[in-house]
1. Can you give me the number of residues within region 327-336 that are modelled with pLDDT of 95 or more and open to solvent by 30 Å² or more (accessible area, probe 1.4 Å)?
2. Kindly provide the set of residues from region 268-285 that are among the charged types (D, E, K, R) and either open to solvent by less than 60 Å² (accessible area, probe 1.4 Å) or in contact with a helix residue (DSSP H, G or I) (Cβ under 8 Å, 6 or more places away or on another chain) (or both), ordered by number.
3. List pairs: first residue in region 149-174 and not assigned by TED's automatic domain parsing to the domain that holds S310, second residue near ligand 1 (Cβ under 10 Å from one of its atoms) and in a helix (DSSP H, G or I) anywhere in the structure, Cβ distance under 9 angstrom, at least six positions apart or on different chains.
4. Which of the residues that make up region 35-46 are assigned to a strand (DSSP E or B) and under 24 Å from D17 (Cα atoms)?
5. So which pairs qualify, if the first residue must be in region 375-397 and open to solvent by 50 Å² or more (accessible area, probe 1.4 Å), the second must be small (G, A, S) and outside any strand (DSSP E or B), the Cβ gap must be under 7 Å, and the two must be at least 6 apart or on different chains?
6. Are any of the residues in region 356-371 in contact with a helix residue (DSSP H, G or I) (Cβ under 6 Å, 6 or more places away or on another chain), within 16 Å of ligand 2 (Cβ to nearest atom), more than 18 Å from L440 (Cβ to Cβ) and in a helix (DSSP H, G or I)?
7. Please find, within region 165-184, the residue that is nearest to ligand 2 (Cβ to nearest atom) out of those that are farther than 16 Å from I109 by Cα and touching a Ser or Thr at 6+ places or on another chain (Cβ under 7 Å).
8. Considering only region 121-144, state which residues are within 13 Å of V172 (Cα to Cα) and within 16 Å of ligand 1 (Cβ to nearest atom).
Amino acid sequence: MKLKNLISELSIKNNVDKNLLDQTVLGIAENSLLVEPGFLFIAVKGHGRDGHHFIEQAVENGASIIIGELDRIDVPVPYIQVQDSRKAVGRIANKFYHNPSKDKLMIGITGTNGKTTTSYMLKHIFESNGKSCAVIGTIQNIVNGKTIKSTNTTPSSLVAHQLLAASTDDVVIMEVSSHGLVQHRIAGIEFDFCLFTNLHHEHLDYHGTLSNYFQAKALLFQHLKPTGQAIVSTDTVWGLKLADMLKSKGIPTREVGQTTENDSQRVIFNPENSTIELLKEGEAFTVPSSLAGLHNLYNALLAYATAEASGINKNRIADSLADFKGVAGRLELFKMHNGATVIIDYAHTPDAILHVLTTAKQLGAKKVVHIFGFRGNRDISKRKDMLFVSSDLSDQYILTLDDLNSVSCADMLSELTLLNDSYGNEKGLIVPDRTLAIKLAMEYSQSNDYIVITGKGHETYQQPFQLSTPSDQETVNYILNLQVAAKS
Ligand SMILES: CC(=O)N[C@H]1[C@@H](OP(=O)(O)OP(=O)(O)OC[C@H]2O[C@@H](n3ccc(=O)[nH]c3=O)[C@H](O)[C@@H]2O)O[C@H](CO)[C@@H](O)[C@@H]1O[C@H](C)C(=O)N[C@@H](C)C(=O)N[C@H](CCC(=O)O)C(=O)O
Ligand SMILES: Nc1ncnc2c1ncn2[C@@H]1O[C@H](COP(=O)(O)OP(=O)(O)OP(=O)(O)O)[C@@H](O)[C@H]1O
């Protein structure tokens, strides 16, 4: 594609030679290692590194044009200066890949908890109703039925455009994180439906305040297509605030939740039997959810409302939700031979922990043992609240290691001890090795006990533990097998 077509929407700060505008660009890259001859390289100032430091390497790899934010650079290829390279990546990618979100049914989901679960509920509903569906999100990206590893919940705008351009799916569902929004990772992408799940204490290490975090989430709704609609779960103050904000701007907004009367529809959640009752004009309609927990009824309602707004028949949506198989690492149940149950869940916020522990009780737990830890280098201000919720709702909790990231094991162990001494209770125990914590809880379990392991969900361990199993799932399966072998 000709350079002039790629940069037509950028505000350029330096003089660009007219002859350059007709130069053909063979590809675009934001990482110098991925540059090939004839590529345009965009230097982005990152959090860890500065892409401007890699310009020379990009040129060595064949970059024929450089875009960046610096006043001047000393390289033998043309240079274009812009105000914000990250924004430029999205705009250029959108041109290069011919606005790939334009002709697809695009659904973007934001919120603290529930994005992944709601995505997979929707994927299942669409696929059960004859539509092919891509998902771009935390666990993996699925495009044209093929799985591609994902490194972020929301990929960079270049990768997002590449995935969208490759997709021949009817529907694309994207989980949109607050980091992704602030870092313009969806620049150039527009959605038919933008969904909001909820907002709770999370990521304050990055956003500073809940209010900034909310403003970041709200950015998603600037990406609606002109015919698009917002669908907002309004049972939380932040959901209500968002809906009011959107409506005041004239954005078509559908509110869903128990406290909202929308379309003169009343919603009643029944977590005891995992159903949602919709009462409209004197008629009742039941939406079943195959997943336990009040939080999953919220997710199911959002998925239901979105699928309905996209034109799928309500009975067919209900049938699809009834046979949804769930999501790896989210309320994943393992039955033990002694009648106890293990739950593996991705909860890593106080609110998510509250939901999963409450669900264990609803499922009939006689005793709840909660195993969890804290991620190194992530929001430390939520740790105290996570511990409060756990010590309040569990009969016993075991603090253990989660990903250390770059924090040392010794520092994390002192943090666990300090938190436990300050905010825990006598029901708490510290077992640093995660696999041994799980083994201990499983060995001491009795019939109808629930062992709830939170934090890692579907993910593999970052550091080695004593049992050489790579994830909570495999640790639990390994111990189950050991117990069977010991019996026979
Ligand atoms: C702090 C943060 O958000 N960092 C994200 C950010 O990285 P960055 O721009 O700071 O990149 P960098 O590594 O410093 O490099 C700067 C530039 O140099 C370039 N470079 C780098 C090396 C090289 O050899 N050559 C080169 O050109 C890079 O391509 C980049 O353009 O942009 C990258 C591309 O989009 C992200 O992959 C990266 O996510 C990191 C890995 C991360 O862990 N982010 C977390 C906090 C995050 O974003 N989480 C949310 C989910 C949150 C939730 O659970 O709700 C997510 O969406 O994943
Ligand atoms: N609607 C909800 N409200 C509160 N908690 C929820 C809700 N849905 C899921 N959870 C909890 O949050 C955890 C993560 O769920 P899910 O992966 O669906 O959310 P997410 O928004 O994609 O999370 P992340 O951004 O961390 O990937 C679940 O394991 C569960 O404990």
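1. Taking region 327-336 first, the residues modelled with pLDDT of 95 or more are 327, 329-336.
With the extra rule that they be open to solvent by 30 Å² or more (accessible area, probe 1.4 Å), the set shrinks to 330, 332-333, 335.
Adding up the residues that qualify gives 4.
2. The initial filter retains those residues of region 268-285 that are among the charged types (D, E, K, R), namely 272, 277, 280-281, 283.
Of everything in region 268-285, those that are among the charged types (D, E, K, R) and either open to solvent by less than 60 Å² (accessible area, probe 1.4 Å) or in contact with a helix residue (DSSP H, G or I) (Cβ under 8 Å, 6 or more places away or on another chain) (or both) turn out to be E272, E277.
3. none
4. Filtering region 35-46 for residues assigned to a strand (DSSP E or B) gives 39-42, 45.
Listed by number, the residues that qualify are F39, L40, F41, I42.
5. If the second residue must be small (G, A, S) and outside any strand (DSSP E or B), the pairs left are N377/S406.
6. To start, the set of residues in region 356-371 that are in contact with a helix residue (DSSP H, G or I) (Cβ under 6 Å, 6 or more places away or on another chain) comprises 357, 368-371.
Narrowing further to those that are within 16 Å of ligand 2 (Cβ to nearest atom): 357, 368, 370-371.
Checking the rest, the ones that are also more than 18 Å from L440 (Cβ to Cβ) come to 357.
Keeping just the survivors that are in a helix (DSSP H, G or I) gives 357.
Yes, region 356-371 contains a residue that is in contact with a helix residue (DSSP H, G or I) (Cβ under 6 Å, 6 or more places away or on another chain), within 16 Å of ligand 2 (Cβ to nearest atom), more than 18 Å from L440 (Cβ to Cβ) and in a helix (DSSP H, G or I).
7. Within region 165-184, the first condition is being farther than 16 Å from I109 by Cα, and the residues that meet it are 165-170, 183.
Those still in the list that are touching a Ser or Thr at 6+ places or on another chain (Cβ under 7 Å) too: 169-170.
Values: D169: 20, D170: 23 Å.
Applying the filter and picking the extreme gives D169.
8. Within region 121-144, V135, I136, G137, N141 meet the criteria.
The values are calculated or read from the model by the stated rules, or taken from the named source; none is laboratory data. These numbers come from a predicted model, not from an experiment. Positions of Cβ are backbone-derived with ideal geometry, glycine not excepted, and every protein chain shown enters the neighbour counts. All accessible areas refer to the heavy atoms of the entire protein, side chains included, with ligands and DNA or RNA removed. Shrake-Rupley method; radii C 1.70, N 1.55, O 1.52, S 1.80 Å.
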